1. Roughly how big is region 4-176's charge dipole about its Cα centre, with Cβ charges of +1 (Lys, Arg) and -1 (Asp, Glu), in debye to the nearest 20?
2. Using θ = phi - 60° and the Karplus form 6.51 cos²θ - 1.76 cosθ + 1.60, what ³J(HN,Hα) does each residue of region 11-18 get, whole Hz, x for Gly and Pro?
3. Skipping prolines and chain starts, which residues have an amide H placed within reach, meaning under 5 Å, of the one on residue 84, given they are 5 or more residues away or on another chain?
4. Whole angstrom only: what separates the Cα centroid of region 1-62 from the Cα centroid of region 136-178?
5. Which residue, chosen from 168, 17, 65, occupies the Cα position most advanced towards the positive end of the dipole of the chain, where the dipole is computed from +1 (Lys, Arg) and -1 (Asp, Glu) charges on Cβ about the Cα centre?
6. Can you tell me the FRET efficiency between residue 119 and residue 170 if r is taken as the Cβ-Cβ distance and R0 is 25 Å, rounded to the nearest 0.05?
7. Quickly estimate the mean residue ellipticity at 222 nm for the chain, helices only: each DSSP H run with n ≥ 4 gives -39500 (n - 2.57), and the total goes over all residues, rounded to 500.
8. Got a sec to turn the phi values of region 91-99 into Karplus ³J(HN,Hα) couplings, 6.51 cos²θ - 1.76 cosθ + 1.60 with θ = phi - 60°, whole Hz, x for Gly and Pro?
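Just so it is clear, none of the values below were taken in a lab; they were calculated from the coordinates. In this text the structure is predicted, and so the values were computed from the model without any measurement. Here Cβ is always computed from backbone atoms with ideal geometry, including for glycine, and neighbour counts include all displayed protein chains.
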Amino acid sequence: MSTTSCRLAWPQDATGIAAVQVAAWQQAYADVFPAEVLAGLNEASLAQVWQQEIAQPAEARQRILVALDDDAIVGYVLTAPASDPDCDPATDGEIDDITVHVDHEANGHGSRLLQAAIDTLRADHFERAVVWLTSTDDARRSFLTEAGWAADGAHRTLDLHDDGQVLVHQVRLHTALS
């Protein structure tokens with residue numbers, strides 16, 4: 001029987017996080033991003049970015065946590081102060097990304113990561129948390145609403161290439177941390 005856990009990421013976890021990101025994003029965003037964008041995801045390049053983010057976070061309250069199945073990284077979550085103009089970075093935290101490897105979904109890793117993220121945001125003295133998700137991601141929306149999150153009315157459109165050709169519509173959910 002395997003042992004599952006969550007912990008803060010270490011710089012040497014960057015390669016495992018990048019592998020999870022590529023596999024999960026290629027499946028989860030197949031209907032959102034163009035095939036060439038997903039095919040262009042490079043584990044080595046992403047690992048360098050993750051290693052930098054872990055070793056020298058852009059903000060003091062930015063955290064990266066990993067989900068482990070035995071010693072294998074099977075998921076990750078990134079928390080930080082919320083950056084939206086209508087949020088207060090002193091009291092509003094954000095889950096910037098929560099991802100589980102496709103081969104390890106439905107094994108409780110997402111729930112463990114979400115709870116670890118909430119605990120981390122609380123420890124960093126945030127009072128509310130927000131998360132953005134693709135407007136068509138019904139599975140993620142269900143996962144979060146079943147955990148007590150709700151839409152707060154905010155929405156945005158990301159223009160991936162700044163040319164209007166690839167638009168990603170997102171909605172924001174929130175939850176109180178008290």
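1. Here region 4-176 has a charge dipole of around 340 debye.
2. Result, ordered by residue: x, 6, 7, 4, 5, x, 5, 4 Hz.
3. Counting only residues 5 or more places away or on other chains, the set is empty.
4. Cα centroid to Cα centroid, the span is 20 Å.
5. Of the options given, the answer is 65.
6. Details: r = 25 Å, r/R0 = 1.00.
Computed FRET efficiency for residue 119 and residue 170: 0.50.
7. Value at 222 nm, helices only: -10000 deg cm²/dmol.
8. After applying 6.51 cos²θ - 1.76 cosθ + 1.60, I find 10, 10, x, 10, 8, 7, 7, 10, 9 Hz.
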